[in-house]
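Nothing in this text is a laboratory measurement; each read-out follows from the coordinates by a stated rule. Just so it is clear, the structure is predicted and the values come from calculations on it, not from any experiment. Neighbour counts run over all protein chains shown; Cβ positions are idealised from the backbone, glycine included.
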Amino acid sequence: MINAKLILLYLLQSTDVSSLGIDPDTINQEEAYCMAQNIYYEAKSEDIRGQYAVAHATLNRVNDPRFPKTVCKVVKQVGILPSGKKVCAFSWFCDGATDDVPVRKQNGESNALVEEQFETASRVAIMTLAGKSEDITNGATHFHNPLISRPDWARRFIRTLRIGHHDFYKERPLMVYNYRKPDATLAN
């Protein structure tokens, strides 16, 4: 029976990947699957640029010392607020639904639309992890859909890109001031 992970594994072994100059042995299959899941659940209805933007925001977190060091740990990161409420880095991970991509309908038939969407998400994941795509987010580590949510953190960040139904953000740079000690001769 086909499942989402098999779609990704097939793509990694296909000639499409090697023809792009990607050595499939350099791609961690589990990390690629976590990335593809995140792209699918966060941006399956976005165009390809929106999917690449989600992939790069995810990867930018991996490369940021404030976040976990693997794609899977970034995607599955859970925090607890002082109120005790659980919050996830990506809402689909805490929505209570299964995290399996539904490539089969309940009656067992193939779900062609989901298969196609997950195949696209998998290709984007592979290309991003292989370093074969440009980060159009300008270093964004956060994103949200402004039609669905208005997170408090967005006010403290700089929006770097609006694409499709998502706004992408990065933290504001720290302002560093270079203060000089007052000159003793001027103080008199």
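Between Ile163 and Phe168, the built amide H atoms are under 5 Å apart, and every one of these is 5 or more places off in sequence or on another chain.
Explain nothing, just the number: relative contact order of the chain, from Cα pairs under 8 Å at least 6 residues apart, as a whole percent. Across the chain, relative contact order equals 24 percent. Residues considered: Ala121, Ala32, Ala130. Largest GNM mean-square fluctuation over the chain, using C-alpha springs under 10 Å, is found at Ala130. Taking the Cα centre of the stretch 4-137 as origin and assigning +1 to Lys and Arg Cβ atoms and -1 to Asp and Glu Cβ atoms, the resulting dipole is close to 580 debye. In loop segments of the stretch 86-171 as defined by DSSP, the trypsin sites (Lys or Arg not before Pro) with at most 14 further C-beta atoms inside 10 Å of their C-beta are Lys105, Lys132. Evaluated over the chain, the count of Lys pairs having alpha-carbon atoms less than 24 Å apart is 23 (only pairs 8 or more residues apart or interchain). Considering only Ile80, Met35, Gly108, the residue lying farthest towards the positive end of the dipole of the chain is Ile80, judged by Cα position with unit charges set on Cβ.
Near the amide H of Arg104, within less than 5 Å, lie the amide hydrogens of Asn111, all on another chain or at least 5 residues away, with H placed in the peptide plane. Converting phi to 3J(HN,Hα) with the Karplus coefficients 6.51, -1.76 and 1.60 and the offset θ = phi - 60°, the stretch 88-93 yields 10, 4, 10, 4, 5, 6 Hz in sequence order, with x at every glycine or proline. Against the chain, whose longest principal axis is taken from its Cα atoms, helix 48-62 shows a tilt of about 60°. Of the listed values (i) 1, 7, 11, 10, 8, 8, 7, 6, 6, 6, 6, 5, 4, 3, 3, 2, 2, 1, 1, 1, 1, 1, 0, 0, 0, 0; (ii) 1, 8, 16, 21, 22, 16, 9, 4, 1, 0, 0; (iii) 1, 7, 14, 18, 18, 14, 9, 6, 3, 2, 2, 2, 1, 1, 1, 0, 0, 0, grab the one calculated as P(r) over Cα pairs in 5 Å bins from 0, in percent from the structure here. Only one option fits the structure, namely (iii).
The calculated FRET efficiency for the pair Cys94 and Ser18, based on their C-beta separation and a Förster distance of 22 Å, comes to about 0.05. Scanning the chain for GluC sites (Glu not before Pro) that sit in a DSSP loop and have at most 13 other Cβ atoms within 10 Å, the longest stretch containing none of them is 1-108. The long axis of helix 112-129 is offset from the longest Cα principal axis of the chain by roughly 40 degrees. Extension gain, Glu30-Asn138: 0.36 nm per intervening residue step, less the Cα-Cα distance, totals 36.3 nm.
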